[in-house]
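So the structure is just underneath, and the comments pick up after that.
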Amino acid sequence: MPKTSAEIGGMGHSVKRKEDPRFIRGKGNYVDDIVLPDMIYMDIVRSPFAHATIKNIDTAKALATPGVLAVITGKDLAAYNLHWMPTLMSDTQMVLPVEKVMYQAQEVAAVLATDRYTAADGVDAVEVDYDPLPVVVDPFKALLPDAPILRTDKEGKKDNHIWHWEWGDKSATDQAFDEADVKVTQDIYIPRIHVASIETCGCVASFDKINGKLTVWMTTQAPHAIRTVFALVAGHVGLQEHKIQIISPDIGGGFGGKVPVYPGYVIAVAASVLTGKPVKWIEDRMENLQADSFARDYHIAAELAGKKDGTLTALRIKTVADHGYTDAAANPSKFPAGLFHICTGSYDLKAAHVEVDGVYTNKPPGGIAYRCSFRVTEAVHTIERMADLMAHEIGMDPADLRMKNFIAPDRFPYKSALGWEYDSGNYAGALKLAIDRIGYTDLRKEQAERRARGELMGIGISSFTEIVGAGPSKHFDILGLKMFDSAEIRIHPTGKVIARFGTKSQGQGHETTYAQIIAEELGIPAADIAVEEGDTDTAPYGLGTYASRSTPVAGAARAVAARKIREKAKKIAAYLLEAHEDDLDWEPGKFFVKGSPDRAKTIQEIALAAYTNHPQGMEAGLEAVSYYDPPNLTYPFGSYICVVDIDKGTGEVKVRRFMAVDDCGNIINPMIVEGQIHGGLTMGLAPALYEEIQYDESGNCLQGSFMNYLLPTAVETPAWETDKTCTPSPHHPLGAKGVGESATVGAPAAIVNAVVDALWHLGVRHIDIPITPPKVWKALRDAGVSE
Amino acid sequence: MAKIEINVRVNGVEHRAEVEPRLLLVHFLRESLRLTGTHIGCDTSHCGACTVVIDGRAVKSCTMFAAQVDGREILTVEGLERDGKLHPLQEGFFQEHGLQCGYCTPGMLMTGYAFLNGNTAPTEDEIRHAISGNLCRCTGYVNIVKAYQYAAARLREGGV
């Protein structure tokens, strides 16, 4: 039950979104909607080759095109030492190449023109002379001794190996494997995919030559960090942090793809500084899919050990991570494989050991999330597949095996074999609810009946544990910036509020939910609270919105800031009521004298007094700032059950039902949480059945447009069923945990497990995602079922 | 490039313009008329963010030239609200949480406008097929279906 009334609209109310009135009228303000006086357009020449020397770039014809103003090449940027930039993982990335290109669709030159059509004409007219080089696409071949060395820019680099990282107790793990009754092993490839937010990336860069100030409206999930990166990269040419303003306007979906600094942004900034005019650069979809950061691309070899009775004991994983030509992953600095070592999942394993090797190939860089927290999807996929394999191997119901191995509720806070401290959980509770809601026992009976008739039906479970809310400053930073987040709340004399944050919504509804948290803490109606994010000139510094960190980190900052305000408000109330502070009680919206509820001052009366009648010796005003450094991460969890039917003739998988039980702790807005889960599930369905970016041997991208990169439509997407349990986080000020990505993390394994469950009796042990009809059809043919 | 004269009615307002033959309708709407509610999400007519209604039919405006709309009547998302009153579809999207980032929303609304004009009692399956040319990355479509159902009910009651 919500603690506040519907009028106040604090936590637990399904408050309608403050964002919507502008969006349903077509009055959002996305980056491509921004037009400035004298604005010019930038378009990018991209490489047709995956690996080639640039012999010459002839810009004469382009420059002769009416309306084309300039062409920028790597040599132009090299004059200012701006042709390379650091990645978030302290590798290096080309802004524009001088010597060679490293992947197909890499930026080669930029054309500036009076309008976007002319800029495209200019791109067509730039003539680049390439000399193709041997291409390395397969990361395993990249590691062979005779593989061509890709990063010839790195002095002394003799191979394509980036780093080796390992975690866990190897000898304890090896020993557990030696002692195991049963072992299952499986190679699992989690393919390269793309977030494909419906809005692509872009910016408007505007350099004011007189004041020396650069303003960039850009599609970024992390405006403050971007400002600092710009200052670090271009400080030597005079762009200093107090003269840089990043504005992140309305964002048409992010999902991790709008965290990195892409070369296009940097070139647009350089172009604006060079020309003194505002420069607009907007990617088209093909550029977006072919050149922007990818996600996943993990080649995993997993082993799970256990006892005959189904007790799981140890996990061993070796992974080759294909990073493309540079390590441009968006991970906390200390964790080159992100939080992949959450891979023991929801189970009480005694030992685990993980190794990951990062590899260079001739592909676009990345290693960003696809709506997940730093490789947690790869981790969940692995353990949930392996647990299912073990269950099938020993002939145990996958639900029973999970129930047997779950970390019990009384074990929290729980220290995992790989060192994480899980804050809270009730895994059996979530799975039991999912089982009840979907009618698991009846479905198993139906499956047996259908199988007897020769029909293929499968039931798959995924009982995932997430790890979000990065993160405690002791372990989490990006380029040295600690991963705190911030809130600034200011109460006006009339009791209305402006609140600003270091995060940035991309559709999550922060304007609504952030107001609800302040409403909860101060009793001021959510409708009276204006929320602003995304302008680095006005908002307090924060690390941004990704990895489900807005509620766990900035949400906590806001609660702490509001509580600081309440402390001061209490002093003012005591003064106004001529009472001692200790004699006052709080209920949402007012302080009153204990035992005399009519002797009260509302928060609005207190706000007015803070500016008109505050006590002697107290500063005027009513505002507070908090920079919140979380003591731990939060661990949302859930259990998903998926039912699939498989067409024996075509191999097509149809998701008949999907029951998602989520537990994200205390909920701010149930309507928004459910919406996040619906969307997350659909972005779990997508890579499970449809999406993959592949390259041929020459490094040509095979899924470079929506013609063949298949986002699920409403027809493929099932009518999701949802429910919830509630296990609050003990360390978060609001007991909340974060939810935006849980479903994307948990769903794919449930779908794969359902498909394999349908086919196990035919000898099928595993199918890599995406589970396309040809893959299933081939498995059926190999089993002698299809022709 | 020789320009072509067009006369087109957009959201009830007559416009006369000289356009390059290659100018896409979506750029004409967004940049010449500054109706930026119509969005661009792909280059291949798959995403539907640019959907507008032309003479009663939902059309992807990235797949037509401005020169092709001479003499025609166009409705964009900015024209849905009449006399300060939201269209039932707009209300439906608001009430049923049918949008998150809002980028696909104008296209979803315009597809729905044309679809519900011909069918105010659609089944869920019919709705899902109707919006299968519009991609949404945020909502998982569940609440968009509900928003359509909300609007259909209002239209059956004679809401507009």
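Per Stokes-Einstein, at 4 °C and 1.567 mPa s, what whole-number D in µm² s⁻¹ belongs to segment B:4-79, with the Kirkwood radius over Cα pairs as the hydrodynamic radius?
Numbers: Rh = 12.0 Å.
Using the Kirkwood radius from Cα pairs, D works out to 108 µm²/s.
On each of the three principal axes of the Cα atoms of segment A:462-510, give max minus min coordinate, whole Å, ordered largest first.
So the extents along the principal axes, rounded to whole Å, are 48, 33, 17.
List A:625, A:776 from most exposed to least, where exposure is judged by having the fewest other Cβ atoms within 10 Å. Please list the in-between numbers first.
Numbers: A:625 15, A:776 24.
So the ranking, lowest neighbour count to highest, is A:625, A:776.
Would you mind counting up the charge near residue B:134? Only other residues with Cβ under 12 Å from its Cβ, with Lys and Arg at +1 and Asp and Glu at -1. Provide the component values of the computation, followed by the final result.
Values: positive: B:60, B:128, B:137; negative: none.
With Lys, Arg at +1 and Asp, Glu at -1, the net is +3.
Taking θ = phi - 60°, what integer Hz values does the Karplus form 6.51 cos²θ - 1.76 cosθ + 1.60 yield along segment A:149-159, in sequence order, with x for Gly and Pro?
Per residue, the Karplus-derived 3J(HN,Hα) values read 7, 7, 8, 5, 6, 8, 4, x, 6, 10, 8 Hz.
What percent antiparallel are the DSSP beta bridges of the protein assembly as shown, to the nearest 5? Numbers along the way, then the final one.
Details: 122 of 152 bridges.
Percent antiparallel among DSSP bridges in the protein assembly as shown is about 80.
From the alpha carbon gyration tensor of segment A:462-590, can you work out the equivalent ellipsoid semi-axes (sqrt of 5 times each eigenvalue) and give them in Å, largest to smallest? Show your work: numbers first, answer last.
Values: eigenvalues 181, 52, 43 Å².
For segment A:462-590, the semi-axes come out at 30, 16, 15 Å.
Regarding chain B, what are the three Cα extents along the principal axes, ordered largest first, in Å?
48, 31, 23
State the volume of the convex hull built on the alpha-carbon positions of segment A:714-765, expressed per residue in Å³ and rounded to an integer.
Details: hull volume 7.3 nm³, N = 52.
Hull volume over Cα atoms, normalised by residue count, gives 140 Å³.
Across segment A:500-517, in residue order, what do the Karplus-derived ³J(HN,Hα) couplings come to in whole Hz, using 6.51 cos²θ - 1.76 cosθ + 1.60 with θ = phi - 60° and x for Gly and Pro?
Listing the rounded values in order: 10, 9, x, 9, 7, 5, 10, x, 6, x, 4, 4, 8, 5, 5, 4, 5, 5 Hz.
What nm value, rounded to one decimal, do you get for the distance between residue A:599 and residue A:163 when each label is placed 7 Å out toward the C-beta?
6.2
Treat the count of other C-beta atoms within 10 Å as a stand-in for reagent exposure and order A:317, B:4 from fewest to most.
Details: A:317 28, B:4 16.
Fewest-to-most Cβ neighbours within 10 Å comes out as B:4, A:317.
Evaluate the charge dipole of the protein assembly as shown about its Cα centre and quote only its size in Debye, nearest 20, assuming +1 on the Cβ of each Lys and Arg and -1 on the Cβ of each Asp and Glu.
Working: 95 positive and 120 negative charges, 182 e Å.
Here the size comes out at about 880 debye.
List, in order, the whole-Hz ³J(HN,Hα) value for each residue of segment A:387-398 obtained from phi through the Karplus relation with A = 6.51, B = -1.76, C = 1.60 and θ = phi - 60°; use x for Gly and Pro.
Couplings: 4, 5, 4, 4, 4, 5, 4, 9, x, 10, 4, x Hz.
Tell me which residues come under 5 Å, amide H to amide H, from residue A:45 once H is placed; ignore anything under 5 positions away on its chain.
Correct list: A:108, A:109, A:110, A:111.
Considering the convex hull of the alpha carbon atoms of segment A:37-91, report its projected area averaged over all viewing directions, in nm², one decimal.
6.4
Need the C-alpha centroid separation for segment A:461-525 versus segment B:1-75, integer Å.
40
Could you work out the mean projected area of the convex hull around the alpha carbons of chain A, in square nanometres to one decimal? Show your work: numbers first, answer last.
Working: hull surface 146.2 nm².
With every direction weighted equally, the projected area is 36.6 nm².
If you keep only loop residues by DSSP, which GluC sites (Glu not before Pro) in segment A:682-762 have at most 15 other Cβ atoms within 10 Å of their Cβ?
Working: sites: A:691, A:692, A:697, A:716, A:721, A:741; in loops: A:691, A:692, A:697, A:716, A:741.
Here the GluC sites (Glu not before Pro) that fit, given the DSSP loop and packing criteria, are A:697.
Can you tell me the mean projection area, over all orientations, of the convex hull of segment B:88-156's alpha carbons? Units nm², please.
Details: hull surface 14.9 nm².
Convex hull of Cα atoms, orientation-averaged projection: 3.7 nm².
For residue A:768 and residue B:2, FRET efficiency with R0 = 41 Å and r from the beta-carbon atoms, rounded to 0.05? Could you put the intermediate results ahead of the total?
Values: r = 54 Å, r/R0 = 1.32.
Using R0 = 41 Å, I get an efficiency of 0.15.
Collect residues whose amide H, placed 1.01 Å from N in the peptide plane, falls under 5 Å from the amide H of residue A:485; neighbours closer than 5 in sequence don't count.
So residue A:485 has HN proximity to A:628.
Using alpha carbon centroids, what distance separates segment A:528-578 and segment A:28-71, in Å?
Rounded to whole Å, the Cα centres lie 42 Å apart.
Using only alpha carbon positions, build the gyration tensor of segment A:90-218, then give the equivalent ellipsoid semi-axes as the square roots of 5 times its eigenvalues, largest first, whole angstrom. Please list the in-between numbers first.
Working: eigenvalues 381, 100, 60 Å².
The three semi-axes for segment A:90-218 are 44, 22, 17 Å.
Here, each number is a calculation from the coordinates, and none is a lab measurement. Since the model is a prediction, treat every value here as computed from it, not as a measurement. Because the Cβ atoms are built from the backbone with ideal geometry, glycine has one as well, and the counts that use them run over all protein chains shown.
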